[in-house]
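Here the structure comes first, spelled out in structure tokens, and everything after it is commentary.
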């Protein structure tokens, strides 16, 4: 083929190649109030930025001239074998961006043989998600509601639907102030108001689903609140979710009620990590709620090493917050994490292209991890350790 012919020959290029590709398409497809609900953080969004910065502060120390012809990234997380060390983090109300919501996410996770952690606040119920993807490896994320009866009901439903692990979120003694949501008039469930109606009209596909589709609500709480309509469920959530009286003794109580693997999510200090392990947690989950709760806390990669050292092999360590590329997953492993999770990447992929979008996002993440291992000269994910990185501050101090 001549160079001229090659120049004018169209070749099929993937539509999505990075996290930003999905984010850009999602921004065009959903109203601003919905996009900002997913994209935003608490208060001044300092923690949101800190998560990405903390991974940017970690640099690799590659080993050239290594045989990297045979790579292995499959691993085991809390007893479950997965094709890669990247899992889908819990995030609520996925149907706010796509009509199939968590059903599509679970199917994509099943296709790629990884774990999907269902949020308590999912738009579809545990039972609906499990039925839509019967082979999917599922976990369930739980809050300690004021009512122990409600907590026990959710725990029993998680077990009955085949969820292998329970993920207890502990960082919500109050709901964070998300300023973008206040400016946009975003509510849960969402409402179209005079201030956002023009913006919503331009998103024809989203608007059609919003008007003609199922009511957007918290699927796991239907039948728990006084009524099943979205407003009643939303009011119940606002009233009953936050319990400022919760102490570590509630973790002891939950450990007695759940005999499967238990991870505790929201840990940001060695102090709390040790408390979790001493009270029976099988995994410490390093997270600042994606920067959506308390602002001005450290980025998750910055606190990960001290937590790993404090746990000292007594439990697995998971991390989310700022994970956008496969190289972030490898950095997290070098800092001591068992596996990494994130929510915004799959949320934006879902908004952009439904189930195929989520699958494509997972394919990109998988390819990124493989390529990063090749380039740092460590072919097996299991062999990545702190010798693969250099952690330094702006003055150039190196901390291995």
Looking only at segment 185-204, and only at residues there that are within 26 Å of the chain's Cα centre (by Cα) and either in contact (Cβ under 8 Å) with a residue 12 or more places away in the chain or buried (at least 20 other Cβ atoms within 10 Å of the Cβ) (or both), the one that is nearest to residue 36 (Cα to Cα): 186
Residues within segment 364-385 that are surrounded by 16 or more Cβ atoms within 10 Å (Cβ to Cβ) and either under 19 Å from the mean Cα position of the chain (by Cα) or without any contact (Cβ under 8 Å) to a residue 40 or more places away in the chain (or both), tallied: 5
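So which residues in segment 205-235 are modelled with pLDDT under 75, surrounded by 18 or more Cβ atoms within 10 Å (Cβ to Cβ) and not in a loop (DSSP other than H, G, I, E, B), if there are any at all?
230, 233, 234, listed by residue number.
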Any hit, segment 45-53, residues being buried (at least 18 other Cβ atoms within 10 Å of the Cβ), touching a strand residue (DSSP E or B) at 6+ places or on another chain (Cβ under 8 Å), closer than 30 Å to residue 374 by Cα and at pLDDT 95 or above: no
Helices (runs of 4 or more DSSP H) within segment 122-201 that include 3 or more residues modelled with pLDDT under 90 and out of contact with any strand residue (DSSP E or B) (no Cβ under 9 Å at 6 or more places or on another chain): 197-201
Output for segment 76-91, where each listed residue is touching a helix residue (DSSP H, G or I) at 6+ places or on another chain (Cβ under 9 Å) and within 20 Å of residue 290 (Cβ to Cβ): 85, 86, 87, 88, 89, 91
Among the candidates 123, 108, residue that is touching a helix residue (DSSP H, G or I) at 6+ places or on another chain (Cβ under 6 Å), surrounded by 18 or more Cβ atoms within 10 Å (Cβ to Cβ) and closer than 14 Å to residue 82 by Cα: 108
Selection status of residue 306, in contact (Cβ under 8 Å) with a residue 24 or more places away in the chain, surrounded by fewer than 20 Cβ atoms within 10 Å (Cβ to Cβ), assigned to a helix (DSSP H, G or I) and in contact with a helix residue (DSSP H, G or I) (Cβ under 7 Å, 6 or more places away or on another chain): yes
Candidate set from segment 252-297 (those that are on the phi > 0 side of the Ramachandran plot and over 17 Å from the mean Cα position of the chain (by Cα)); member that is surrounded by the most Cβ atoms within 10 Å (Cβ to Cβ): 280
Which listed residue is touching a helix residue (DSSP H, G or I) at 6+ places or on another chain (Cβ under 6 Å) and touching a residue at least 40 places away in the same chain (Cβ under 8 Å), from 328, 282: 328
Of the criteria (1) surrounded by fewer than 21 Cβ atoms within 10 Å (Cβ to Cβ); (2) part of a helix (DSSP H, G or I), which one residue 314 fails: (2)
Test result for residue 277, in a strand (DSSP E or B) and over 30 Å from residue 205 (Cβ atoms): no
Answer from 57, 67 - the residue that is in contact with a strand residue (DSSP E or B) (Cβ under 9 Å, 6 or more places away or on another chain), under 23 Å from residue 389 (Cα atoms), surrounded by fewer than 19 Cβ atoms within 10 Å (Cβ to Cβ) and at pLDDT 95 or above: 57
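From the list 97, 151, exactly one residue is buried (at least 24 other Cβ atoms within 10 Å of the Cβ) and either under 22 Å from residue 237 (Cα atoms) or more than 14 Å from the chain's Cα centre (by Cα) (or both). Which is it? So that I can check it myself, show each step before the final result.
Details: 151 fails: buried (at least 24 other Cβ atoms within 10 Å of the Cβ).
Selected residue: 97, the only one of 97, 151 that is buried (at least 24 other Cβ atoms within 10 Å of the Cβ) and either under 22 Å from residue 237 (Cα atoms) or more than 14 Å from the chain's Cα centre (by Cα) (or both).
The values are calculated or read from the model by the stated rules, or taken from the named source; none is laboratory data. Note that this is a predicted model, so its numbers are computed, not measured. Reconstructed Cβ throughout: ideal geometry from the backbone, glycine too, with neighbour counts over all protein chains shown.
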